[in-house]
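Trainee: Here's a structure for you.
The values are calculated or read from the model by the stated rules, or taken from the named source; none is laboratory data. Bear in mind the structure is a predicted one, so any value in this text is a computation, not a measurement. Note that each Cβ is placed from the backbone with ideal geometry, even for glycine, and that neighbours are counted across all protein chains shown.
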Amino acid sequence: MRKFTTTPFNQNENVEQLGPKMMALSEKHRSFVVALFDEAAPAHGAGLLNFAARKAGYLGKAISVTASRIAYRPDVQAAIKEFSHLAVRAISPDAIRAVRNALLDPGHKDNIRAASLVLERVLPVETMHTVRVEDHRPPTVEATEAVLRRIAELAAQAGLPALPAPIDADFKVVDDKPS
Amino acid sequence: MTDERGYSDVIRLAVDANRNLPDDGLHEFTRIEIVLVAMTKRLLLGKMKAGERLYYLRELNDRVFDRQFTPEMLQAIEPACPTQMQMFDELWKLDPPDDFYEIEPGRPVRAHRYSFGMLMRKDVFSHFAGLNPGIRAAIAIYKNGWSQPAAEA
């Protein structure tokens, strides 16, 4: 029995939901990718690729070869990856419903798991850390305008005459003419 | 009896030495503060990085405390002259090289117990006051402040 059900995706009706990788495929290849996620599709290794190829309209005795060739094309692989996000989003309401059912049924075997799953998200466990940072480095304040202004203020308060410029701001004119 | 920093002994020695000397009206700790301000002002006249200068200026302005050390006293004190700096050097030599205490766990600082003990003495302090007219002016401000009623909080 399948756990989740999805509404069959009709690529002709829902074309605006498809991404660029899917839109870059031919119509048959696109149908192949959509069929991989079909509700009625068998599991991988049990004829999934053949099923998708038949759904896409491929016929003949060598259908498994054709299906395999299509499935491992780089553009089809990229499209499968892109389309899987859409399929997961379509499944999520069913996932929520399944958790809700498990939560509301005390006799459900996953009742406690569902409850803790919900609680972990609604009331996450909080931990508190006290981090004490000690910095014993010597002062290395940059000579910004604000610092220089504060220095001038404090020097005036202390009754100090004009102080020499801080050495951060020292410069020397270098004569670059050849001697 | 010795406190954790070991200052009690040097304070007692200074107080004993001051007992028979003329009263200058200063508290023992105020003498240290005044002399250290003069020395710090001298250091600030030299070249240093902006961060260091800001640090020393903050330390200097943090000396101001109620009537014990007023902003006017801070302004009046002049930077120590080279002779006073030499006197400091001699005083610092009294401190043993392992004379540290932990200002907080894992952060040792020089204690200067013996040199500070000497600075508390009136006879030693009077040499600095004699060389620095700013110190004499600060003493006058200090005495005048204590003769006035305390300002309303």
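Trainee: Just for region A:39-80: of the residues that are buried (at least 16 other Cβ atoms within 10 Å of the Cβ) and assigned to a loop (DSSP other than H, G, I, E, B), which one is modelled with the lowest pLDDT?
Mentor: Filtering region A:39-80 for residues that are buried (at least 16 other Cβ atoms within 10 Å of the Cβ) and assigned to a loop (DSSP other than H, G, I, E, B), the one modelled with the lowest pLDDT comes out as A:41.
Trainee: Ok, one more. If residue B:76 satisfies every condition in (1) closer than 23 Å to residue A:155 by Cβ; (2) loosely packed, with under 13 Cβ neighbours inside 10 Å but one, which is the exception?
Mentor: Going through the list (1) closer than 23 Å to residue A:155 by Cβ; (2) loosely packed, with under 13 Cβ neighbours inside 10 Å, residue B:76 breaks only (2).
Trainee: Can I ask one more? For region B:128-151, indicate whether the set of residues that are within 17 Å of residue B:31 (Cβ to Cβ), of a type in the set (Gly, Ala, Ser) and exposed (fewer than 15 other Cβ atoms within 10 Å of the Cβ) is non-empty. Please lay out each step first, then the result.
Mentor: Applying the first criterion (within 17 Å of residue B:31 (Cβ to Cβ)) to region B:128-151 yields B:128-143, B:145-146.
Going one step further and asking which of them are of a type in the set (Gly, Ala, Ser), we end up with B:129-130, B:134, B:137-138, B:140, B:145.
Still in the list and also exposed (fewer than 15 other Cβ atoms within 10 Å of the Cβ): B:130, B:140.
Yes, there is a match, as at least one residue in region B:128-151 is within 17 Å of residue B:31 (Cβ to Cβ), of a type in the set (Gly, Ala, Ser) and exposed (fewer than 15 other Cβ atoms within 10 Å of the Cβ).
Trainee: Okay, moving on. Looking only at region A:7-38, how many residues end up being modelled with pLDDT under 80 and of a type in the set (Asp, Glu)? Don't jump to the end; show me each part of the working.
Mentor: First, pick out the residues of region A:7-38 that are modelled with pLDDT under 80: A:7-17.
Subset that is of a type in the set (Asp, Glu): A:13, A:16.
Number satisfying all stated conditions: 2.
Trainee: What helices (runs of 4 or more DSSP H), lying completely within region B:40-136, carry at least 1 residues that are of a type outside the set (D, E, K, R) and within 14 Å of chain A (Cβ to nearest Cβ)?
Mentor: Values: elements: B:50-61, B:71-76, B:82-92, B:113-119, B:122-131.
Passing ranges, in order: B:50-61, B:71-76.
Trainee: If residue A:63 satisfies every condition in (1) under 23 Å from the mean Cα position of the chain (by Cα); (2) farther than 30 Å from residue A:115 by Cα; (3) β-branched (Val, Ile, Thr) but one, which is the exception?
Mentor: Of (1) under 23 Å from the mean Cα position of the chain (by Cα); (2) farther than 30 Å from residue A:115 by Cα; (3) β-branched (Val, Ile, Thr), only one is false for residue A:63: (1).
Trainee: If residue B:13 satisfies every condition in (1) without any contact (Cβ under 8 Å) to a residue 60 or more places away in the chain; (2) more than 7 Å from every other protein chain (Cβ to nearest Cβ) but one, which is the exception?
Mentor: The single condition residue B:13 does not satisfy is (1).
Trainee: Can you find a residue that is acidic (Asp, Glu), touching a strand residue (DSSP E or B) at 6+ places or on another chain (Cβ under 6 Å) and at pLDDT below 90 anywhere in region B:90-104?
Mentor: Looking only at region B:90-104, we keep the residues that are acidic (Asp, Glu), and these are B:90, B:95, B:98-99, B:102, B:104.
Checking the rest, the ones that are also touching a strand residue (DSSP E or B) at 6+ places or on another chain (Cβ under 6 Å) come to B:102.
When the remaining residues are screened for being at pLDDT below 90, the result is B:102.
For region B:90-104, residues acidic (Asp, Glu), touching a strand residue (DSSP E or B) at 6+ places or on another chain (Cβ under 6 Å) and at pLDDT below 90: present.
Trainee: Do we have residue B:25 as at positive phi, surrounded by fewer than 19 Cβ atoms within 10 Å (Cβ to Cβ) and outside any helix (DSSP H, G or I) here?
Mentor: Details: at positive phi: yes; surrounded by fewer than 19 Cβ atoms within 10 Å (Cβ to Cβ): yes; outside any helix (DSSP H, G or I): yes.
In short, yes.
Trainee: Which members of region A:111-167 meet the condition of being part of a loop (DSSP other than H, G, I, E, B), more than 7 Å from every other protein chain (Cβ to nearest Cβ), at pLDDT 70 or above and closer than 30 Å to residue B:78 by Cα?
Mentor: Matches in region A:111-167: A:144, A:161, A:162, A:165.
Trainee: Also, quick follow-up: Find all pairs meeting these conditions: Cβ atoms under 9 angstrom apart; at least six residues apart or on different chains; first residue within region B:46-57 and closer than 11 Å to residue A:150 by Cβ; second residue surrounded by 19 or more Cβ atoms within 10 Å (Cβ to Cβ) and of a type in the set (Ser, Thr, Tyr).
Mentor: So the pair list comes out as B:57/B:40.
Trainee: To continue, here is another question. If you check residue B:109 against the conditions, is it in contact with a strand residue (DSSP E or B) (Cβ under 8 Å, 6 or more places away or on another chain) and closer than 30 Å to residue A:144 by Cα? Steps first, answer last, please.
Mentor: Numbers: in contact with a strand residue (DSSP E or B) (Cβ under 8 Å, 6 or more places away or on another chain): yes; closer than 30 Å to residue A:144 by Cα: yes.
When the stated conditions are applied, residue B:109 passes them.
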